[in-house]
Amino acid sequence: MKGAYRSRDGMTPERRSRLAGSLLVPLLIVLAVGQTSCSWFHSSAVPRTPSPDRPRVAVLEFGMGVEITSLSSVQTIEGELVPDDERRLVAQAVEGIRNKTRQLLYYKLAAAEQFDLVPLEQVDAAQQQIGVKPGVLPTKDQLAALRTSLEAELLVGGIVQDFGKVRWQWLAAGMVGDMTWESVALGLATSWNPAAIFGNIGFELLTSTPVWFGGGYLFGVAFSPVRVDAWAVDTVTGEELWSGEEITLYLWKELENVPEEDRKKKEVRLWLNLKKAVEALGESLLGERFTLPDLRERRRPLTPDLNAGDRTGTRLYAPV
């Protein structure tokens, strides 16, 4: 998916447009009730790319979009924590989430043998030296420096937008939508019997509140929301060639392979959903089938079609 240069805040016009439509997220949450992730529908069969045609790819550090201030947002804890200890443990947890997300994507891409991946340690050193912030697309100068340092054709990065803790407005909208849908269905079935409708609302408030707002586990179903954004940019042109977003909400069948005593642990459920989201993003990126010949063709300056007399609308890329 083609894009354009991003500004220093890491945002393209397209991504700003997507943020403007963020009110659609609650609808997505409601539609996902009773389902797992749409990542089920991704194909895992990606043909391998011949070695000489593999682009060299660097996977950058991932950023964290949602602010985690309480350890209980991402882990099941017992008892009270001293504030200083909790701050330290929260920082460790956030670092672990960012690193795990990156590693999952790296190993997903490595298993497909479609890219020549730069070792993570080498990327870390270059990213630190050049001053590229995690989760933010590099500037033109930083792209040039990374291309020189890593000899990479593509940079892949992203942000963990939500992990356990989700913006309360989305959760409230999702829960209200869920209750409204059930109340309408029950009303139609009972000729709008007030006792049945209000009884259902009371039951939903009692049972659904800990699931929606607490990342709870109830009747074998766990609501453990994870949302990850990722992108890939050409180091030569600065063009965003691919971007994707994956939202995973529920766990059901996946928990069958988890010991019963671990199913209620928030961190276990969140890691499972994170894995699902990142693997789906990896499938999406691999599905683009980027090769060196393809990237070089994209970078060639486009010239007007003199026969057609079309001298407008031509987009020229930076010289290779």
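Extension gain for the segment TYR107 to ALA91, taken as residue separation times 0.36 nm less the Cα-Cα distance, is 3.3 nm to one decimal.
Based on the Stokes-Einstein relation at 10 °C and a viscosity of 1.306 mPa s, and on the Kirkwood radius from alpha carbon pairs, region 73-169 is assigned a translational diffusion coefficient of 100 µm²/s.
What full-extension length gain, to one decimal in nm, is calculated for ARG48 and GLN128 as 0.36 nm per residue of separation minus the Cα-Cα distance? It would help to have the intermediate numbers written out before the result.
Working: separation 80, 0.36 × 80 = 28.80 nm, distance 3.19 nm.
Going from the current span to full extension adds 25.6 nm.
Between the residues LEU104, PRO83, PRO55, the greatest Cα displacement towards the positive end of the dipole of region 52-128, with unit charges on the Cβ of Lys, Arg, Asp and Glu, is found for PRO55.
Where a number appears in this text, it was derived from the coordinates with a stated rule and is not lab data. Worth saying up front: this structure is predicted, and the values here are computed from it rather than measured. Counting neighbours? That spans all protein chains shown, and the Cβs are built from the backbone with ideal geometry, glycine included.
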